[in-house]
Amino acid sequence: MNMSKKNLYIESYGCAMNFSDSEVVASIMAEHGYNAITSEENADVIFINTCSIRDNAEQKIRHRLKQLRGRKERNNELVVGVLGCMAERLRDKLMEEEKLVDVVAGPDAYRDLPQLVGEVEDGNKAINVLLSLEETYAEITPTRLNSNGVTAYISIMRGCDNMCSFCVVPFTRGRERSREPETIVREARELFEAGYKEVTLLGQNVDSYLWYGGGPKKDFNKLTDEEKADSVNFSDLLRMVAAVSPSLRVRFSTSHPKDITDDVLYAMRDHTNICNYIHLPAQSGNSRILEKMNRTYDREWYMNKVKRIRKIIPNCGISCDIIAGFCTETEDEHQDTLSLMAWSEFDFSYMYYYSERPGTLAARKFADDVPLEVKKRRLTEIIDLQNEISRKKNKDREGSVVTVLVENESKRSDDDWMGKCDQHIVVIFPKEHYRRGDYVDVRIERTTTTSLIGKAIGYNEELQPKTTTESLSN
Ligand code: SAH
Ligand code: SF4
Ligand code: F3S
């Protein structure tokens, strides 16, 4: 293998898990002499880490690949690889369709990337889209890309065993498996020691995390007594990561309404450093549609989960994902989604109209029969309602004090910091003497639909490491 330093540029699309995977890829490639750079200029290898969740996500990537054609024509040594979910879904078809693609690697094949790139340098095209029952990249320390040095993702599991009828993820990411907890805690500790102040534990369904020694997901009841005794579930893992330091904030995503337990909520209540925020996608507010989506809960179950959260953690932020116009959805059923949103008062939501994905249960069994204009109109109603709720909820926060972890300069002004409060809402305030990575209590003065604007009143005493405040006040 050629070990001279080469430049690698990775561009990521899709969910946080893809961005997190790109950091694993950068680490694997670094071991083989590839240096990750932040622009495609001067790259010897370009990897596009792709998403298949909706048709427009794939269209965007195809457009990007077309753009890369010119670069490849000017430099025929350039290696272009497609990674991630589109690679897994389209496999060798992708190479036939997009002639410039040299490497295709699915989400479980990243250890093979240096080898695959080597094959291309020898004049071949290279592909590996094997899915695995075990791979979690557990011991790989990700190379942080585009990092603010304050917040980082930690992947705790891979794949998904739910078969939501609209969703392509189980096909592109394979079976669910959990990562060994010690490696997760170690990664959190190393990040904290390197100055990071917040980790987000990632999985498609974090509440079903279960470590019992490795391998594909098993039901807790099917474990042997010995496996049960040593097993670690998500609430255990949350407590373990929270114990790394009271000054390390812990977040997680995504929670599934069928799997989130009171134990998770108790862990959040017991630890100040576990953020009071849950991303709890409902997808729809109508029980017939939820059943058709194979979400395995109904409207009442979802509402009861929201009630439990509000009871155990009164100030918990909740956000949601909604799909408008799923197969056979009627106008009344759409109204049920609106009424669930109004009742739940989500802080914010990610909202989409249904996009049929080839090979999914819905594509095989149900007609995609809601006309596009109707889907779009329903989506607009959903977005308008959410904006109204967000505006009102933020307005209610005026005058209150929130704790902010400083992440970056505000996009609008060099004089202001940007960070997030517990509920994962953007907060902007004048910098004064505060620094990136500080925990600051901010009194909110003005609000918009998406952000809170205020003024610092001091460090947050519970979260800010004592040594920092002492050394600063001296
Ligand atoms: N694991 C997460 C979701 C991951 S996909 C969960 O179960 O909640 C992120 C979001 O994309 C989903 O919550 C859903 O709202 C949306 N989505 C997934 N498939 C879609 C499709 N075919 N059309 C439109 N939106 C879709
Ligand atoms: Fe897709 Fe459902 Fe799995 Fe989420 S839980 S990734 S929506 S199949
Ligand atoms: Fe997209 Fe794959 Fe994530 S389809 S949303 S990148 S798991």
From the options K376, K365, residue that is surrounded by fewer than 17 Cβ atoms within 10 Å (Cβ to Cβ), within 25 Å of S52 (Cα to Cα), of a type outside the set (F, W, Y) and within 16 Å of ligand 2 (Cβ to nearest atom): K365
Candidates L83, L116, filtered to the one that is in contact with a helix residue (DSSP H, G or I) (Cβ under 8 Å, 6 or more places away or on another chain), of a type outside the set (D, E) and either within 20 Å of T172 (Cα to Cα) or surrounded by fewer than 21 Cβ atoms within 10 Å (Cβ to Cβ) (or both): L83
Candidate set from the stretch 164-174 (those that are assigned to a loop (DSSP other than H, G, I, E, B) and within 11 Å of ligand 1 (Cβ to nearest atom)); member that is surrounded by the fewest Cβ atoms within 10 Å (Cβ to Cβ): S165
Filtered residues of the stretch 21-45 (kept if of a type in the set (S, T, Y) and surrounded by fewer than 20 Cβ atoms within 10 Å (Cβ to Cβ)): S27, T38, S39
So G214, is it small (G, A, S), within 26 Å of L463 (Cα to Cα) and outside any strand (DSSP E or B): no
Given (1) more than 16 Å from ligand 3 (Cβ to nearest atom); (2) surrounded by fewer than 18 Cβ atoms within 10 Å (Cβ to Cβ); (3) among the hydrophobic types (A, V, I, L, M, F, W, C); (4) within 21 Å of S255 (Cα to Cα), index of the condition A152 fails: (2)
Matching residues, the stretch 322-362, being within 16 Å of ligand 3 (Cβ to nearest atom), of a type in the set (F, W, Y) and surrounded by fewer than 17 Cβ atoms within 10 Å (Cβ to Cβ): Y350
Hey, N221 assigned to a loop (DSSP other than H, G, I, E, B) and surrounded by fewer than 20 Cβ atoms within 10 Å (Cβ to Cβ) or not: no
Matching option when the condition is in contact with a Lys or Arg (Cβ under 8 Å, 6 or more places away or on another chain) and either assigned to a strand (DSSP E or B) or among the aromatic types (F, W, Y) (or both), among L463, L452: L452
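Results for (1) buried (at least 22 other Cβ atoms within 10 Å of the Cβ); (2) assigned by TED's automatic domain parsing to the domain that holds E329; (3) under 20 Å from G84 (Cβ atoms), shown as yes or no for each residue.
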position: C160; (1), (2), (3): yes, yes, yes
position: E187; (1), (2), (3): yes, yes, no
position: Y209; (1), (2), (3): yes, yes, no
position: P216; (1), (2), (3): no, yes, no
Qualifying residues in the stretch 240-263 (those that are crowded, with 18+ Cβ neighbours inside 10 Å and away from ligand 2 (no atom under 16 Å from the Cβ)) - the one farthest from T296 (Cα to Cα): S247
Positions within the stretch 351-362 being within 14 Å of ligand 2 (Cβ to nearest atom) and free of Cβ contacts under 8 Å to residues at least 40 places away in the same chain, in sequence order: none
Index of the failed condition, D122 passing every other in (1) out of contact with any strand residue (DSSP E or B) (no Cβ under 9 Å at 6 or more places or on another chain); (2) touching a residue at least 40 places away in the same chain (Cβ under 8 Å): (2)
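The values are calculated or read from the model by the stated rules, or taken from the named source; none is laboratory data. None of the values given here were measured: they were computed from a predicted structure. Backbone-built Cβ (ideal geometry, glycine too); neighbour counts: all protein chains shown.
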